[in-house]
Each structure stands twice: as structure tokens, then as C-alpha cells.
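Below you'll find the structure, written out as C-alpha cells, and then a few comments.
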Amino acid sequence: MDTLQHFYINGQWTKPSAGCAQHSIINPATEETVGTLPMAEASDIDAAIAAADAAFPAWSETPLETRLGYLEKVLGLYQEKLPEMAQAISQEMGAPIGLATNLQAPVGMMHIANTLEVARDFAFEEQHGSSVIRHEPAGVCSLITPWNWPMNQVMCKLAPALAVGCTVVLKPSEFAALSANVLAQIIDEAGLPAGVVNIVYGDGAKVGPLLSSDPRIDVVSLTGSTRAGISVSQEAATTIKRVSLELGGKSANILLPGCDLEAAVTHGVRAMMNNTGQSCNAPSRMLVPADKLAEAETIATNACKAIAVGDTSDEATVMGPIANGRQYQRVLSLIETGIKEGAKLVCGGTEKPAGLEKGYFVLPTVFSEANNDMTIAREEIFGPVLTMIPYKDVDEAVAIANDTIYGLSGYVFGDPDQARAVANRLRTGNVHLNGAGPDFTAAFGGYKQSGVGREWGRFGFDEFLEIKSVFQPA
């Protein structure tokens, strides 16, 4: 049976409704079709929600250790299928196989393991004065996830939702269906009760409103564009439900005066170009002391030249293609806009890398002498494009960093005490100091139009829990 041609609903591989449109999965490195999948109609979404709704009462009352036992089975099967998961991610969204194997695929396992650890220490019931405070599963959850970090985005939602006792309808991106299909096979083999996890594919603009507005849905958790977040919020408002949003970003990377410029610029370029710039928390605006801008341009150019772009099956490749044709055209258009608006093109541009005539490849691109009013400094490009902006003093750098509709992430490089002081002034959900990587036990989420709510660790549990106060005689 071709499981990719089926939805996973109520514990069974389910044929889609008659007349479902088919979506072609294109390998962005070759532009070749590597599969097709059905796009759900309203009846398919209804069946998935109905299954999750019916399964919720029993699953929510299942003992915690039993629920965690199922998650342990999922983790074990995931480990067995790790090479298959990595290959799927590489094929569907163009991650180089090294990145897919070492980070893209394993990060899903990290979230499961983290969830298991948090759940065993979580106070689902606690005494507060004379009352008992209970943290109870919120209900049926719709999880809507993107293509750029497929298993990271799925598992930081799915694992805590299941651990606390919620049932789910997962709608992964149609551009990341190969990895979602591997996950569906894992869920099926793990033997979770029917209806606890349901997986459907579909066009977000069409099925997103159905997954947001249905009165049987209690929580909507979306990772996606700010435009999608607005749509979900509006649709969910009619039935007053909880909405968790992880949206776009335009993160500033402040290089403080006196910092090790070689190290700071090189790290900033590599962090920006990681995953071909397709990360919502990418450090896409590099703020550089004005008197160091020319030197920073030279360092950035050398750093870009050292990035191996090309064959995604080659372990030596660092940067792959843009994940799909639509996004590829958007990235090229914004590079052209940067040139037209007068930013200095330091390296890269719209030309394809040498020898790569097929595939949605873009050269690592750096603009300089930009200002914060330019389109390339305002809009999330979601590609390997770095914008360097000069500043005259630290106060101006902080003002530039905060002058954005987004507030997901930030980066500061320099003296540790000064960097920490600057981090405290940034209006953003997380800040990386001196090259620090992410901490999956900390909170992840944004200010302003970068979202609502937090994910990861124990903070991710809160999105899927309701709080009940049981008042007792003193």
C-alpha cells in the first residue's frame, strides 16, 4: 500500500475523499517529481477532527506513565527510522544530507526525549493555599506545521500535546509530506489508540480555516507566516479557543564595538546561511560599527566563498537549494529589490552557482551599506540573504534592532557583560550571546508579530494545558 496516498485517521490508513486534488512533491535540488499526495477536502478534515474528538476522553484519562510509554515507543521507532527520515527531509526540502542526518532529523528525537524528561517532573496537581491547582489537558488540538524544519516543528508540538493528554490533528506542510509520512508510519507502528493522532495533508489556505474554526478544536498551534497567523487567529476567534503562534522574524545580529570582528562576522554569516537561510530565527540583519563596515564586508565575502553549495547527497555540501519554486522566485525578487533600492551587493546575487543549472539554488548573498527602511531590512526573505547595516553607537544599534514588526530572536557578539546588557534591551523572545546555540529546555517564541505563546521544554506544556482551581474548606 502506498501510504503517501492515504491519510492517517482514527488509527487507520484512510483513502482520501473522491476528487481530492493531487500535489506533486518536487525535489528542489533536481526539480524532479519524487512523489504525489492527496490534498484533503472538508470531509477528510471533518473525519480527522471527529476521530480526535472521540478519542479525547479516554486518552486524557489514561495514566501519565502509559502515555509516556507510547512516546517512548515512538522515540525508539524514530531512532530506527532515522536514516529514512533524514533522506525524506533531504529529498523534500533540499537540506544537504549532512544537515538532514545530523540535525534536521535528530531534532525531532531531541524534543521527544526532552518531553519525557519534563513530563516526569511536571506538577500536574499542586497544593496552593487551601486549594488544589490542576493542570489538565486542553482538549483536541490542530497542529499546523511548515516545511523548513519539518520534524523540529512537528515534534515540539506533538510530543508535549500527547504527553499531557491531548489528541491531535496534524496538518504538515504539503512540501514536507515525505517526512510526515515516515512519522505516520512510526505512529502506526507504535500502536497509539485510534484517533489520538490523525495526520492529513492539504493546502493551508483551504484547510487551515477548517482546522481553526471548528468548535470541536480546543487549541490551534501554528508555525508559519505572519499572514497565516492572522488567518488562524481570525478563524479561531469565532469559537474562542486557545491559539499558539510561532511566526516570522527579521532578527538583528549586533556586533558590538571592540568585538572579535573576524569571529563575529564569520559566525554571523554561517548562522545566516544555515538551512539556506530558511529559518524564522535567522540572523538576517547584521549591525556593524560604521568604521568597521568595510572590514566586515571582506570577512563576510570570504566566509561566503567557504560555503559549499551544491549536491545535497554529498556529505561535504553545506548549503542546499531553496525548498520550493515559489519561495525561490520570492528570494530572487527580493535580491533584485535590494539592488534597485541602492544597497551594495557585496557577494552573491541572482545568478545560479556555477555548475548548478538545475535546482532552486541561490548563491550566499550579502548586502551592505543598507538602512533599516529598505525592503531587504524590513521583510523576511527566508533565503540565504544577509543585510549589513552600519550604526554609530550602541544605542542606535539597539534602536535599529527593535525597529521591526517582528521580535522572534536576536544575536549579540562582544564583551559578555555588555552583550548581556544589550540583550536585556532587545524586544525579542530569545537572544543568542557570542555564538550560543539554542537550548531546547528554554522557551522559544516571539514578541510582536513573531507570535503568541512559547514552545520547547516545560514552557511548551503550558500551551496544551488548562488550569483548574479546586477550592476546598480551609
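So, in region 370-395, of the ones that are exposed (fewer than 15 other Cβ atoms within 10 Å of the Cβ) and of a type in the set (D, E, K, R), which residue ends up nearest to Glu351 (Cα to Cα)? The qualifying residue nearest to Glu351 (Cα to Cα) is Asp373. Would you confirm, using the coordinates I've provided, whether Thr441 is in a loop (DSSP other than H, G, I, E, B) and out of contact with any helix residue (DSSP H, G or I) (no Cβ under 6 Å at 6 or more places or on another chain)? So Thr441 does not fit the description; no.
For region 397-438, give me each residue that is in a strand (DSSP E or B) and of a type in the set (Phe, Trp, Tyr). Passing the criteria: Tyr411, Phe413. The one condition from (1) among the aliphatic types (A, V, I, L, M); (2) in a helix (DSSP H, G or I); (3) under 11 Å from Leu386 (Cβ atoms) that Leu293 does not meet is (3). Counted as qualifying within region 143-244 are the strands (runs of 3 or more DSSP E) with 3 or more residues that are closer than 25 Å to Gly35 by Cβ, namely 167-171, 197-199.
Consider region 88-98 and keep the residues that are in a helix (DSSP H, G or I) and touching a helix residue (DSSP H, G or I) at 6+ places or on another chain (Cβ under 7 Å). The one that is surrounded by the most Cβ atoms within 10 Å (Cβ to Cβ) is Met93.
Filtering Leu247, Leu256, Leu261 for residues that are among the aliphatic types (A, V, I, L, M), surrounded by 23 or more Cβ atoms within 10 Å (Cβ to Cβ) and touching a residue at least 12 places away in the same chain (Cβ under 8 Å) leaves a single hit, Leu247. Test Arg242 against the stated conditions and say whether it is basic (Lys, Arg) and in contact with a Phe, Trp or Tyr (Cβ under 9 Å, 6 or more places away or on another chain). Criteria met by Arg242. Counting the residues of region 198-242 that are surrounded by fewer than 19 Cβ atoms within 10 Å (Cβ to Cβ), free of Cβ contacts under 8 Å to residues at least 60 places away in the same chain and under 11 Å from Val140 (Cα atoms) gives 1. Would you confirm whether or not region 153-171 contains a residue that is farther than 19 Å from Glu61 by Cα and hydroxyl-bearing (Ser, Thr, Tyr)? No, the conditions are met nowhere in region 153-171. Just one of the listed residues (Gly410, Gly453, Gly446) is among the small types (Gly, Ala, Ser), within 30 Å of Ala113 (Cα to Cα), in contact with a helix residue (DSSP H, G or I) (Cβ under 7 Å, 6 or more places away or on another chain) and touching a residue at least 24 places away in the same chain (Cβ under 8 Å), and it is Gly410.
None of Gly11, Gly35, Gly108 is out of contact with any Ser or Thr (no Cβ under 6 Å at 6 or more places or on another chain), at pLDDT below 95 and of a type outside the set (D, E, K, R) except Gly35. A Cβ distance below 7 Å, combined with a sequence gap of six or more or placement on separate chains, defines the contacts here; from region 140-159, residues that are on the phi > 0 side of the Ramachandran plot and free of Cβ contacts under 8 Å to residues at least 24 places away in the same chain reach no residue that is of a type outside the set (Gly, Ala, Ser) and not in a helix (DSSP H, G or I). Taking Gly445, is it modelled with pLDDT of 95 or more and out of contact with any Pro (no Cβ under 6 Å at 6 or more places or on another chain)? Spelling it out, Gly445 is indeed modelled with pLDDT of 95 or more and out of contact with any Pro (no Cβ under 6 Å at 6 or more places or on another chain). Just a yes or no: is a residue in region 313-331 out of contact with any Phe, Trp or Tyr (no Cβ under 9 Å at 6 or more places or on another chain), surrounded by 22 or more Cβ atoms within 10 Å (Cβ to Cβ) and within 28 Å of Glu174 (Cα to Cα)? Within region 313-331, not a single residue is out of contact with any Phe, Trp or Tyr (no Cβ under 9 Å at 6 or more places or on another chain), surrounded by 22 or more Cβ atoms within 10 Å (Cβ to Cβ) and within 28 Å of Glu174 (Cα to Cα).
The values are calculated or read from the model by the stated rules, or taken from the named source; none is laboratory data. The shown structure was predicted, so the numbers you read here are calculated from the model rather than taken from an experiment. Positions of Cβ are generated from backbone atoms using ideal geometry, with glycine treated the same way; all protein chains shown enter the neighbour counts.
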